[in-house]
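Step one of this worksheet: look at the structure below.
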Amino acid sequence: MRIAEVFPQTQWVLRIVAEDGRMGYFDVSPYLEYEAFEELVNHREFMKITNGKYFVEWDCGADLSVDTIEAQWEVVDKVLNPTAPMKAETVERSELVYDSDRGSCAGQGKPVSRRG
């Protein structure tokens with residue numbers, strides 16, 4: 001797997017689009033107890049993420065490999081052309097929020113346009 005796009009969400013969840021078109025969510029919160037990830041408790045630091053295609057890395061130096069992500073993410077959709085900019089209607093259909101109480105994603109019910 002190679003990561004095409006990564007978007008940090010609320011509650012320490014990453015929305016990830018793979019180059020093969022799969023789109024899903026990865027919950028980072030279980031890692032926050034480890035020293036390497038402790039700076040990410042500050043949500044502003046969590047938002048400072050870089051896509052390395054085979055890993056994601058934060059400014060503080062914490063990182064996750066795609067092997068770790070792929071083993072534990074929840075795939076929720078398939079993007080038809082993952083390398084093309086996402087249209088508002090695709091984001092609206094796919095915009096989900098990770099519900100930590102349920103351990104899964106649920107629809108937010110609001111269209112969000114990040115790209116046009």
- Of the residues in region 1-21, how many are under 18 Å from PHE37 (Cα atoms), surrounded by fewer than 20 Cβ atoms within 10 Å (Cβ to Cβ) and over 8 Å from the mean Cα position of the chain (by Cα)? 2
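Looking only at residues that are in contact with a helix residue (DSSP H, G or I) (Cβ under 6 Å, 6 or more places away or on another chain) and aliphatic (A, V, I, L, M) in region 24-37, which one is nearest to THR68 (Cα to Cα)?
Selected residue: VAL28.
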- Item | region 38-52, residues that are open to solvent by 60 Å² or more (accessible area, probe 1.4 Å), more than 13 Å from the chain's Cα centre (by Cα) and either within 15 Å of ILE69 (Cβ to Cβ) or of a type in the set (Lys, Arg) (or both) | ARG44
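The values are calculated or read from the model by the stated rules, or taken from the named source; none is laboratory data. This is a predicted model, so every value here is computed, not measured. Heads up, the Cβs are rebuilt from the backbone with ideal geometry, glycines too, and the neighbour counts pull from every protein chain shown. Remember, those area values only see protein heavy atoms, side chains included, never the ligands or the DNA or RNA. Shrake-Rupley method; radii C 1.70, N 1.55, O 1.52, S 1.80 Å.
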